[in-house]
Amino acid sequence: MPKSAARPLRSKALIGMVHVGALPGTPSGEDTVPMLAMRAVTEAKLLMDCGFDGLILENMHDRPYVHGRQGPEIVAAMTRVAVEVASAVDLPLGLQVLSGGEREALAIAQAAEAQFIRCENFVYAHVADEGLLAEAAAGPLLRYRRSIGADGISIMCDVKKKHASHALTADLTIEDCAHAAEFFGADGLIVTGGFTGSPTDPTEVDRVKASVRVPVWVGSGVQPAQLGRLFESADALVVGSWIKQGGVWSNGPDAKRCKEIVAEAARVRG
């Protein structure tokens with residue numbers, strides 16, 4: 001039985017990314033689903049043992065991404081991984097399925113009894129590296145969540161998603177985008193830098209936090225030296241690149257780095 005619902009996400013949380021290996025059918029996919037699940041469980045346990053407050057499972061190794069509906073092999077593999085991770089760790093758990101797989105993520109999260117998903121294209125259109133994200137996800141996604149009885153799963157939404165051009169919404173401030181996402185029913189917002197591992201501008205976090213009433217997370221480029229400043233406004237920090245070997249997102253986690261950033265978070269909170 002999954003354990004992820006056993007503990008709520010704490011205030012000023014540190015959330016670690018588990019980048020699931022390339023899934024079946026993707027350009028880099030080589031491992032079997034049991035192997036992928038075993039590796040994800042090992043990484044999740046390491047992050048839990050180091051003191052992280054929550055986890056997100058993401059299929060980032062599936063690059064280059066196909067936007068929109070994901071194949072049944074992706075859903076099946078991610079479900080197997082999510083259920084095994086949720087059964088192995090006692091932490092709040094989230095799901096992201098790239099790209100534009102928010103419906104799939106919601107169904108997987110429900111099966112694994114996870115607590116939240118991450119959605120990058122909740123409001124407005126974007127031009128991303130995987131192509132044109134022409135439709136906002138909010139309307140269909142919230143109706144889908146209601147239809148499957150998954151209202152208890154939170155939807156955390158990126159504001160001006162990374163790896164994307166925002167020329168289409170250049171006349172909108174980050175506060176405007178945050179307000180629109182909250183108005184359309186986002187349970188929380190995520191502010192990022194321009195790319196994976198890019199530092200998030202703390203003044204943008206401040207601006208978003210001041211303009212909405214929902215929780216605000218930081219979603220990229222988090223390093224120990226930044227924690228104090230980011231936690232002035234952020235309710236949680238998602239860490240994916242810095243905790244990996246050499247600070248490279250595609251490598252495995254580095255226990256020393258994990259313990260270092262957890263210790264700094266404890267010092268800042270204290």
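The table for this structure:
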quantity	calculated
Selection within segment 198-218 - at pLDDT below 95 and buried (at least 19 other Cβ atoms within 10 Å of the Cβ)	200
Within segment 141-159, tally of residues that are under 20 Å from the mean Cα position of the chain (by Cα) and either free of Cβ contacts under 8 Å to residues at least 60 places away in the same chain or part of a loop (DSSP other than H, G, I, E, B) (or both)	12
Sole residue being touching a helix residue (DSSP H, G or I) at 6+ places or on another chain (Cβ under 7 Å) and either touching a residue at least 12 places away in the same chain (Cβ under 8 Å) or among the basic types (Lys, Arg) (or both), chosen from 76, 86	86
Residues satisfying the stated conditions in segment 99-122, i.e. assigned to a loop (DSSP other than H, G, I, E, B), surrounded by fewer than 24 Cβ atoms within 10 Å (Cβ to Cβ) and modelled with pLDDT of 95 or more	113, 115
Filter pass, residue 76 being surrounded by 15 or more Cβ atoms within 10 Å (Cβ to Cβ) and either part of a helix (DSSP H, G or I) or on the phi > 0 side of the Ramachandran plot (or both)	no
Candidates 130, 175, filtered to the one that is farther than 24 Å from residue 237 by Cα and of a type outside the set (Phe, Trp, Tyr)	130
In segment 175-197, the residues that are surrounded by fewer than 20 Cβ atoms within 10 Å (Cβ to Cβ), more than 16 Å from residue 133 (Cβ to Cβ) and in contact with a helix residue (DSSP H, G or I) (Cβ under 7 Å, 6 or more places away or on another chain)	175, 179, 185
Restricting segment 139-171 to residues that are in contact with a Phe, Trp or Tyr (Cβ under 9 Å, 6 or more places away or on another chain), more than 16 Å from residue 96 (Cβ to Cβ) and modelled with pLDDT of 95 or more, the residue that is surrounded by the most Cβ atoms within 10 Å (Cβ to Cβ)	142
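The values are calculated or read from the model by the stated rules, or taken from the named source; none is laboratory data. Everything numeric here is computed off the predicted structure, so don't read it as measured data. Every residue, glycine among them, receives a Cβ derived from its backbone with ideal geometry; neighbour counts consider all protein chains shown.
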